[in-house]
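Following: one structure in structure tokens, then a few remarks.
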Amino acid sequence: MMTTQKGKVLLAEDDLSLGYVIKDNLTDAGYDVVLCSDGQTAIEKFEKNEYSICLLDVMMPHKNGFDVAKKIRQQSDLVPILFLTAKSLEEDRIKGFQVGADDYITKPFSMQELLMRMEVFLRRSKKMHSDQAVQFSIGKLKFSYTDLKLSIRQENFNLTQKEADLLKFLCEHPNRILKREEVLLNVWGKDDYFLGRSMDVFITKLRKYFKSDPDVVLETIHGVGFRFNIPSKKE
């Protein structure tokens, strides 16, 4: 039974048997799915169409999932990227986040879990575009969660969705100690070792942006968590 389309999905998976299983299930769930069996084709498809979300296998011929994600991020900071990976190595997961992925799911996985992960990101995207502008002042920096932009004077930084989610949570709790598990649960939805390592990658990325204003400090409280120190607004 066909349902109303929920969005357009770019699915890059070189195992075509698995690819068609995923495509059929997503189609039944109401998604419009474009299936590619190699990374180069996925890049070409992305350049020709707009997608609501991208599902990328890591190991693919011609271009691997990391290369595809890099190319996508050169063109869009908005579209969510979810890696489908058979590898459980920590360095692969960390590399995925470094090249711009928003999340990953390890094979074998249930279709219910994949659909739930996708819906989380799509709900955020819809909410971000339907809500009124969400803006924060961070010292001399201006942060637009709605537009995924961080700016100071004439300099603009484009954020990924996950960077923006993390920064928004920090902005909502300034100048107080936040426990690592508290940040993980509120931004990633769960607390585990691998997500904790990926969170550290995002923390490092945010610190690079904050170099534009030395008064803004994202402090690590060793063994506990973080404190986002921002100057108080002058009366």
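Restricting the trypsin sites (Lys or Arg not before Pro) of the stretch 168-234 to loop positions (DSSP other than H, G, I, E, B) with no more than 15 neighbouring Cβ atoms within 10 Å leaves Arg176, Lys190, Lys211, Lys233, Lys234.
Shape class for the stretch 7-129, computed from the alpha carbon gyration tensor (a ≥ b ≥ c): rounded, with a/c under 1.5. When each of the peptides 107-116, 156-165 is scored by how many other beta carbons lie within 10 Å of its residues on average, the order from highest to lowest is 156-165, 107-116.
Computed extension length for Leu16-Arg207: 64.7 nm, one decimal, from 0.36 nm per residue of separation with the Cα-Cα distance subtracted. Dipole orientation for the chain: of the candidates Ser232, Ser110, Thr160, Ser232 has the Cα lying most toward the positive pole (charges on Cβ; Lys, Arg +1; Asp, Glu -1). Considering only Ser52, Asn25, Val9, the residue lying farthest towards the positive end of the dipole of the stretch 7-129 is Ser52, judged by Cα position with unit charges set on Cβ. Taking every DSSP bridge with both residues inside the chain, close to 50 percent are antiparallel.
Of the options Gln135, Tyr145, Gln74, report the single residue whose Cα projects farthest towards the positive end of the charge dipole of the stretch 14-170 (beta-carbon charges: Lys, Arg +1; Asp, Glu -1). Checking the options against the dipole of the stretch 14-170, the answer is Gln135. In the chain, the calculated helix contribution to ellipticity at 222 nm averages -13000 deg cm²/dmol per residue, counting -39,500 (n - 2.57) for every DSSP H run with n ≥ 4.
Of the Cα atoms belonging to the chain, the radius of gyration and Dmax stand at 18.5, 63 Å. The residues packed around Arg180, meaning those with a beta-carbon under 15 Å from its beta-carbon, carry a net charge of -1 if Lys and Arg are +1 and Asp and Glu are -1.
Given +1 at the Cβ of Lys and Arg, -1 at the Cβ of Asp and Glu and no other charges, the dipole of the chain around its Cα centre is 860 debye to the nearest 20.
Each value in this text was obtained by applying a stated rule to the coordinates, not by laboratory testing. Values in this document were obtained by computation on a predicted structure and should not be read as measured data. Please note: Cβ atoms are built from the backbone with ideal geometry, for glycine as well, and neighbour counts cover all protein chains shown.
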